[in-house]
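**Q** This is the structure, below, for whatever I ask next.
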Amino acid sequence: MLAKRIIPCLDVRDGKVVKGINFVGIKEVGDPVECAEEYNRQGADEICFLDITATHEGRGTMVDVVRRTAQRVFVPLTVGGGISSVDDFRELLRSGADKVSVNSAAVRNPQLIKDAAEIFGSQCVVVAIDAKKKGDSWTVVVNGGRIDMNIDAIEWAKKAEELGAGEILLTSMDTDGMKTGFDIALLNAVCDAVKIPVIASGGCGTLEHFSEVFQKTKSSAALAASLFHYKELTVSQVKQHLRENNIPVRLQSDEE
């Protein structure tokens, strides 16, 4: 079995790392480059940057932050927020991103996924899906959860894969920031529908939530933000816990 990945997520607004609950009540929690360096030291497998207001406010992503981080951190960087064209992909990849995450723009223009995958390779294209429970299924929401697109989230995940996405970053809007655990039912529905890796996001609050998501779903990675930002847990603590529960992870001690 492939090693499961632990990915700290840095939500960035105006060049600062911020965190909210259900995408509201935003508070500043630090400098993105310093936070990324700390997670690198702790053994993060990847780091995700999301410019959380870029799409809503019509701004481009913080290329300078990406460039400075890439000079000092040597784990893969995934960057998203305000990505609306192949040129945006190119600019971020040139500035040091390894993968680019698209959300709202891909929903509105699915061709963007296909074009980016053909030019840069599927491995560079992450489709982020923010899903919210609606009756017996889940609907896709965009712009930080502000707009319901009335698109079935499972069908959208399948279409994203068909268009060339290399990975799905799946956030449950119902559990985001709540610390009650990942949305297992949503993750299983998407993991069963696609063959590409799925990153679990939204709701992690304890060490047990990390082991649960890997024991109960086929998720390839787990992403968390506030748990790490507020130093309630470190990446290395999470990985040690996972290894104790017989879940394969890469530990820094393995490489020494």
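**Q** Inside region 200-241, can you point out the residues that are open to solvent by less than 10 Å² (accessible area, probe 1.4 Å), of a type in the set (A, V, I, L, M) and modelled with pLDDT of 95 or more?
**A** A200, V213, A221, A222, V235, V238
**Q** Collect the residues in region 91-117 that are among the charged types (D, E, K, R), more than 19 Å from K195 (Cβ to Cβ) and assigned to a helix (DSSP H, G or I), keeping them in residue-number order.
**A** Going residue by residue through region 91-117, those that are among the charged types (D, E, K, R) are 91, 94, 98-99, 108, 114-115.
With more than 19 Å from K195 (Cβ to Cβ) added as a condition, the list becomes 91, 94, 98, 108, 115.
Residues satisfying the conditions are E91, R94, R108, D115.
**Q** Report whether or not V141 is surrounded by 18 or more Cβ atoms within 10 Å (Cβ to Cβ) and in a strand (DSSP E or B). Outline the logic, then answer.
**A** Working: surrounded by 18 or more Cβ atoms within 10 Å (Cβ to Cβ): yes; in a strand (DSSP E or B): yes.
It is true that V141 is surrounded by 18 or more Cβ atoms within 10 Å (Cβ to Cβ) and in a strand (DSSP E or B).
**Q** Can you tell me which of (1) in a loop (DSSP other than H, G, I, E, B); (2) under 15 Å from the mean Cα position of the chain (by Cα) is the one M178 doesn't meet?
**A** It is condition (2) that M178 fails.
**Q** Scanning region 3-46 for residues that are at pLDDT 90 or above and assigned to a loop (DSSP other than H, G, I, E, B), which turns out surrounded by the fewest Cβ atoms within 10 Å (Cβ to Cβ)?
**A** A3
**Q** Another question, if that's okay. Quick one: D254 ticks every box in (1) under 24 Å from S122 (Cα atoms); (2) outside any loop (DSSP other than H, G, I, E, B) except a single one, so which number is it?
**A** Status for D254: all satisfied but (1).
**Q** Criterion first (among the small types (G, A, S) and open to solvent by less than 30 Å² (accessible area, probe 1.4 Å)) does S101 satisfy it?
**A** On the way: among the small types (G, A, S): yes; open to solvent by less than 30 Å² (accessible area, probe 1.4 Å): yes.
Here the answer is yes, as S101 does meet what is asked.
**Q** Give me the residue from region 73-90 that is part of a helix (DSSP H, G or I) and open to solvent by 10 Å² or more (accessible area, probe 1.4 Å) and, out of that set, nearest to G15 (Cα to Cα).
**A** Result: D88.
**Q** Taking the criterion of being open to solvent by 30 Å² or more (accessible area, probe 1.4 Å) and under 17 Å from the mean Cα position of the chain (by Cα), would at least one residue in region 161-175 satisfy it? Before the answer, list the steps.
**A** Restricting attention to region 161-175, the residues satisfying the condition of being open to solvent by 30 Å² or more (accessible area, probe 1.4 Å) are 161-163, 174.
Imposing the further condition that a residue be under 17 Å from the mean Cα position of the chain (by Cα) reduces the set to 161, 174.
Yes, the conditions are met somewhere in region 161-175.
The values are calculated or read from the model by the stated rules, or taken from the named source; none is laboratory data. All values derive from a computational prediction rather than experimental measurement. Every residue, glycine among them, receives a Cβ derived from its backbone with ideal geometry; neighbour counts consider all protein chains shown. Quick note on the areas: whole protein, heavy atoms, side chains included, nothing else; ligands and nucleic acids left out. Shrake-Rupley method; radii C 1.70, N 1.55, O 1.52, S 1.80 Å.
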